[in-house]
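Asks: Below: one structure in structure tokens.
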Amino acid sequence: MTEQGDRTNGFGAPIVRTAGEVETTPTAFDDHTTPMARAIEAELRAREGIAFKDPLPRPEKTRVMVVANQKGGVGKTTSTVNLAVALAKHGQRVLVIDLDPQGNASTALAVEHRRGIPSSYEVLVDGLPIAEAVHQHPDIPNLSVVPATIDLAGAEIELVSVVARESRLRKAIAAHPPVSETGEDRLDYVLIDCPPSLGLLTLNALVAGREMLIPIQAEYYALEGLGQLLETVEMVKAHLNQDLIVSTILITMYDGRTNLAAGVADEVREHFREQVLRTAIPRSVRVSEAPSYGQSVITYDPGSPGALSYLEAAREMAIRGAQV
């Protein structure tokens, strides 16, 4: 074990233990430590994991994941963008479908989404093949995006009179060759970013998806509205998509300085247990700043706690998926 004072960090302060040593020391971090200590432990483990850059296993078939939460401001779009970039950086082939009329995911992924650009609106309403609406990320070869334009705001009204309106996206994804193929060129992940409501756009995503990822903010009202969301999921399973499961819950905006955040996180883990990722995303200015530069936090500030946490969350999600 490395003794205190053997090494120093960039500021001249001694490094007491590595993340690996923390994991092998039973009393280093236990239930009696402070939330701040647990946050530091999580960051150390994230840094250790990223440093080794172990390759991620590819899923046996394309994982179509719906990122949804009817409560706004929980980090839904931020998580979609950063998990997509993290997976792509790890060599996975990823497609993001932006179903939010605000187009925030499209902005953060540096994809043009002005009116007139082929987008998710044309896919849903006009039946445009996904291949004709896909835009390649300018800097990440493995990442592509179906953007959302302002036209999508009227899609729910237009879809009301359409036959099988709730399954339009499922048919489009199933017909997309990189999803239906089984070779090396197939997609590994399709992440669908939903609007913060339970309308026809979100319903299309739930019918299209095999898995659901729910970001939950580590604050007092985190579970408010979650019951209604889960009821909707059960209704979709019963009538429209029996394969849909809530596979992943990600705790976001975690502030390790407060007992409140730790209490919310414990409550979420008590309710959902194996679905909750061990990695929580810390509250971070860098995470909030990145979209204004058309970037994810992973490309904007790769060494920040937010970036490291999303990279580790993506790793955990990929490994869990490979074990299912």
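The values are calculated or read from the model by the stated rules, or taken from the named source; none is laboratory data. Note that the structure is a prediction, hence the values are computed from the model and not measured. Using ideal geometry, Cβ is built from the backbone for each residue, glycine included, and neighbour counts are taken over all protein chains shown.
Asks: If a residue has to be of a type in the set (Gly, Ala, Ser) and in contact with a strand residue (DSSP E or B) (Cβ under 8 Å, 6 or more places away or on another chain) to count, how many in the range 63-107 make the cut? So that I can check it myself, show each step before the final result.
Replies: Start the filter on the range 63-107 by keeping residues that are of a type in the set (Gly, Ala, Ser), which leaves 68, 72-73, 75, 79, 84, 86, 88, 91, 103, 105-106.
When the remaining residues are screened for being in contact with a strand residue (DSSP E or B) (Cβ under 8 Å, 6 or more places away or on another chain), the result is 68, 73, 75, 79, 84, 88, 105-106.
Of the residues in the range 63-107, 8 are of a type in the set (Gly, Ala, Ser) and in contact with a strand residue (DSSP E or B) (Cβ under 8 Å, 6 or more places away or on another chain).
Asks: Given the condition in a helix (DSSP H, G or I), in contact (Cβ under 8 Å) with a residue 12 or more places away in the chain and exposed (fewer than 13 other Cβ atoms within 10 Å of the Cβ), answer yes or no: does some residue in the range 272-288 qualify?
Replies: No, that holds for no residue.
Asks: While we're here: Looking at the range 198-215 only, could you name the residues that are in a strand (DSSP E or B) and crowded, with 24+ Cβ neighbours inside 10 Å? Before you say what the answer is, go through the steps one by one.
Replies: Residues of the range 198-215 that are in a strand (DSSP E or B), as a first pass: 211-215.
Selection gives MET212, LEU213, ILE214, PRO215.
Asks: Taking the criterion of being more than 24 Å from VAL179 (Cα to Cα) and touching a residue at least 40 places away in the same chain (Cβ under 8 Å), would at least one residue in the range 55-69 satisfy it?
Replies: Going through the range 55-69, the residues more than 24 Å from VAL179 (Cα to Cα) turn out to be 69.
In the following step, the residues that additionally are touching a residue at least 40 places away in the same chain (Cβ under 8 Å) were identified as 69.
Yes, the range 55-69 contains a residue that is more than 24 Å from VAL179 (Cα to Cα) and touching a residue at least 40 places away in the same chain (Cβ under 8 Å).
Asks: Please work out which residue is surrounded by the fewest Cβ atoms within 10 Å (Cβ to Cβ), limiting yourself to the range 289-304 and to residues that are in a loop (DSSP other than H, G, I, E, B) and small (Gly, Ala, Ser).
Replies: GLY303
Asks: Something else: Checking the condition at pLDDT 90 or above and exposed (fewer than 13 other Cβ atoms within 10 Å of the Cβ), which residue from PRO195, PRO147, PRO177 passes? Spell out the reasoning first.
Replies: Details: PRO195 fails: exposed (fewer than 13 other Cβ atoms within 10 Å of the Cβ); PRO147 fails: exposed (fewer than 13 other Cβ atoms within 10 Å of the Cβ).
None of the other options fit; the residue is PRO177.
Asks: Then there is this: Condition test on GLY91, is it in contact with a Pro (Cβ under 9 Å, 6 or more places away or on another chain) and closer than 24 Å to LEU230 by Cα? Walk me through how you get there before you give the answer.
Replies: Values: in contact with a Pro (Cβ under 9 Å, 6 or more places away or on another chain): yes; closer than 24 Å to LEU230 by Cα: no.
Against the criterion (in contact with a Pro (Cβ under 9 Å, 6 or more places away or on another chain) and closer than 24 Å to LEU230 by Cα), GLY91 does not qualify.
Asks: Restricting attention to the range 55-69, does a residue exist that is at pLDDT below 90 and surrounded by 23 or more Cβ atoms within 10 Å (Cβ to Cβ)?
Replies: Yes, the range 55-69 contains a residue that is at pLDDT below 90 and surrounded by 23 or more Cβ atoms within 10 Å (Cβ to Cβ).
Asks: Can you report the number of residues in the range 208-226 which are over 15 Å from VAL246 (Cβ atoms) and without any contact (Cβ under 8 Å) to a residue 60 or more places away in the chain?
Replies: Count: 2.
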